[in-house]
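Below you'll find the structure, written out as structure tokens, and then a few comments.
The values are calculated or read from the model by the stated rules, or taken from the named source; none is laboratory data. If you're wondering where the values come from, they're calculated on a predicted model, not measured in any experiment. Backbone-built Cβ (ideal geometry, glycine too); neighbour counts: all protein chains shown. Side chains are part of the model used for accessible areas, which takes the heavy atoms of the whole protein and leaves out ligands, DNA and RNA. Shrake-Rupley method; radii C 1.70, N 1.55, O 1.52, S 1.80 Å.
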Amino acid sequence: MTLKRHRGLTEQADDAAVDQACRTLLAEAAARGQMSYRGFLAELLMAECDDRARRRSERRIKAAQFPREKSLRAFDFEANGNVDTAVIHTLATCEWVKKGLPLCLIGDSGTGKSHLLIALGTEAAMAGFRVRYTLATKLVNELVEAADERVLTKTIARYGRVDLLCIDELGYMELDRRGAELLFQVLTEREEKNSVAIASNESFGGWTKTFTDPRLCAPIVDRLTFGGNIIETGTDSYRLASTRAARARSAVSG
């Protein structure tokens, strides 16, 4: 819709124009809602602002490239007693992202660490932060390709600009020296400026299997833990337990 602008209107003329527009466009709807013209217009403007905020959140969530939708509401805190509900809901305020602090989610497969990583990343995107999700191996492969194509500085800068970088499945595969060095550069670029959140199936003591060079392992752990939060999701797969329980219920009912 194209709006025709009326220049030079006085404040009084503006008020009159608003009043006339309300009478023309909103009279019937306002009457049904028993609201004043201005009250109904205020409701419309607030609804438009809310809609724009929702669409901005949706764009930020899409830009984060999460592989699937996960929310804190859908996380089963009762099934995993290792995860402190209060701590997670405090993290959901995103104050740690605002301060540029790191977050580590450590636990075995099926304990909910990736769910929490995506859910907290989604909360950050909804709060207005720029978020990017990636698998550790995918990030390293991208950095290696960027180095080969001589665009590494540009790629590292791109990852350095987002407010929260979520790295999933760190520790699932061994990284050679070159891959570890490139990942270290990304972490150094973000250190004490922008947040990094990682999910790993290895405790820090086992990271020497991922980062085979001990001279790199220690500083990487330091950058991912200094001043941040460490959430241990445990070793018992509640996802597996849930599947077994569902099968048992099905067998009984069948």
Open item on the list: Here is a check on your reading of the model: is A199 crowded, with 18+ Cβ neighbours inside 10 Å and either in a strand (DSSP E or B) or of a type outside the set (D, E, K, R) (or both)?
Closed with: yes
- [ ] Examine the stretch 119-131 for a residue that is open to solvent by 80 Å² or more (accessible area, probe 1.4 Å), within 21 Å of N194 (Cα to Cα), modelled with pLDDT of 95 or more and not aliphatic (A, V, I, L, M), and state whether such a residue exists.
- [x] yes
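Checking the condition at pLDDT below 95 and under 20 Å from Q65 (Cα atoms), which residue from L182, L139, L170, L105 passes?
Values: L182 fails: under 20 Å from Q65 (Cα atoms); L139 fails: at pLDDT below 95; L105 fails: at pLDDT below 95.
Step by step, each of L182, L139, L170, L105 is checked, and only L170 is at pLDDT below 95 and under 20 Å from Q65 (Cα atoms).
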Task: Residues of the stretch 28-38 classified as surrounded by 14 or more Cβ atoms within 10 Å (Cβ to Cβ) and modelled with pLDDT of 65 or more, total - done: 3
Task: Failed condition for Y133, given (1) touching a residue at least 60 places away in the same chain (Cβ under 8 Å); (2) closer than 16 Å to E232 by Cβ; (3) aromatic (F, W, Y) - done: (2)
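Being in a helix (DSSP H, G or I) and of a type in the set (S, T, Y) is the filter; apply it to the stretch 66-93 and report the residue that is nearest to G107 (Cα to Cα). Walk me through how you get there before you give the answer.
Residues of the stretch 66-93 that are in a helix (DSSP H, G or I), as a first pass: 85-91.
Subset that is of a type in the set (S, T, Y): 85, 90.
Working: T85: 16, T90: 20 Å.
Top of the filtered list is T85.
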Task: Scan of the stretch 162-190 for residues that are farther than 22 Å from T122 by Cα and of a type in the set (D, E), ordered by number - done: E174, D176, E181, E189
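Just give me the residues in the stretch 202-223 being assigned to a helix (DSSP H, G or I) and over 25 Å from D163 (Cα atoms), in sequence order. Lay out the reasoning, then the answer.
Just the residues of the stretch 202-223 that are assigned to a helix (DSSP H, G or I), to begin with: 204-209, 214-223.
Answer for the stretch 202-223, where residues must be assigned to a helix (DSSP H, G or I) and over 25 Å from D163 (Cα atoms): G205, G206, W207, T208, K209, P214, R215.
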TODO: Considering (1) open to solvent by 20 Å² or more (accessible area, probe 1.4 Å); (2) at pLDDT 95 or above; (3) not aliphatic (A, V, I, L, M), say which one K209 fails and leave the rest.
DONE: (2)
Task: Matching residues in the stretch 102-116 - criterion: being under 8 Å from A199 (Cα atoms) and surrounded by fewer than 24 Cβ atoms within 10 Å (Cβ to Cβ) - done: C104, I106, S114
Open item on the list: Taking the criterion of being under 26 Å from G227 (Cβ atoms), assigned to a helix (DSSP H, G or I) and in contact with a helix residue (DSSP H, G or I) (Cβ under 8 Å, 6 or more places away or on another chain), would at least one residue in the stretch 164-177 satisfy it?
Closed with: no
Task: Single condition A248 does not satisfy, out of (1) modelled with pLDDT under 85; (2) open to solvent by 70 Å² or more (accessible area, probe 1.4 Å); (3) aliphatic (A, V, I, L, M) - done: (2)
